[in-house]
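K.L.:
Take this structure first; my questions come after.
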Amino acid sequence: MKRSVENLSTSKITGGRRHPLRTRRKYDMDRFPNEANIGAQVTVTRQVRANHTKTGLKTIDYVNLAMPDAKVKKTKILKVLENATNSDYQRRGVISKGAILETESGKCRVVSRPGQHGVVNAILLK
């Protein structure tokens, strides 16, 4: 999915074609978003710029839940209650940063980016 070269649709005043200064580089290319859902853990590793890698989640069934007494507990995810990122994400049950999840320990809000960090960290709501 390569991005088009912008602002080249019209011709010059003289009637000549406009030519781009350069073509798009690989790091300019867009990727489809990696949307995490509830299910058995499946991760995706992809190459990014400067020979680095990113690990993203396709599906996950546990969350690292930060409790008020400064302890972290691994808890099972029951369902996605709301997702302010996108109303379609809420309907499809996509987990993203800021989503409200129902867990065995209660409601929690996701503070990590599961599609890019490869882990779901959340804080318990009152």
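The values are calculated or read from the model by the stated rules, or taken from the named source; none is laboratory data. Just so it is clear, the structure is predicted and the values come from calculations on it, not from any experiment. Here Cβ is always computed from backbone atoms with ideal geometry, including for glycine, and neighbour counts include all displayed protein chains. Heavy atoms of the whole protein, side chains included, go into the accessibility calculation; ligands, DNA and RNA do not. Shrake-Rupley method; radii C 1.70, N 1.55, O 1.52, S 1.80 Å.
K.L.:
Roughly how big is the chain's charge dipole about its Cα centre, with Cβ charges of +1 (Lys, Arg) and -1 (Asp, Glu), in debye to the nearest 20?
P.N.:
Charge dipole, the chain, about its Cα centre: 700 debye, nearest 20.
K.L.:
Tell me which lysines have Cα within less than 21 Å of LYS126's Cα, excluding those fewer than 8 residues away on the same chain?
P.N.:
Qualifying lysines at Cα under 21 Å: LYS71, LYS73, LYS74, LYS76, LYS79, LYS97, LYS107.
K.L.:
So how do 24-35, 50-61 stack up, highest first, on mean other-Cβ count within 10 Å?
P.N.:
Output ranking for 24-35, 50-61: 50-61, 24-35.
K.L.:
At R0 = 25 Å, how high is the FRET efficiency between ARG109 and THR55 if r is their beta carbon distance? Nearest 0.05 is fine.
P.N.:
Efficiency, from the Cβ-Cβ distance: 0.70.
K.L.:
Also: Can you list the residues, at least 5 places off or on another chain, whose amide H is less than 5 Å from the amide H of THR103, using H built in the peptide plane?
P.N.:
HN-HN under 5 Å from THR103: LEU78, CYS108.
K.L.:
Calculate what fraction, in whole %, of the accessible area of the stretch 1-82 sits on carbon and sulfur atoms when a 1.4 Å probe is rolled over the protein chains.
P.N.:
Answer for the stretch 1-82: carbon and sulfur cover 51 percent of the accessible area.
K.L.:
Checking the cross-link filter: which aspartates and glutamates have an alpha carbon closer than 20 Å to that of LYS54, excluding same-chain neighbours under 8 positions apart?
P.N.:
In chain and number order, the partners are ASP28, ASP30, GLU35.
K.L.:
Mind ranking 114-120, 42-48 by how tightly packed they are, going by the mean number of other C-beta atoms within 10 angstrom, highest first?
P.N.:
114-120, 42-48
K.L.:
Let me ask something else about it. As a check on your grasp of the helix formula, calculate [θ] at 222 nm for the chain: sum -39500 (n - 2.57) over DSSP H runs of n ≥ 4, divide by the residue count, round to the nearest 500.
P.N.:
Calculated mean residue ellipticity at 222 nm is -1500 deg cm²/dmol.
K.L.:
Using the heavy atoms of the protein chains and a 1.4 angstrom probe, tell me the accessible area per residue for the stretch 1-113 in square angstrom.
P.N.:
Value for the stretch 1-113: 73 Å² per residue.
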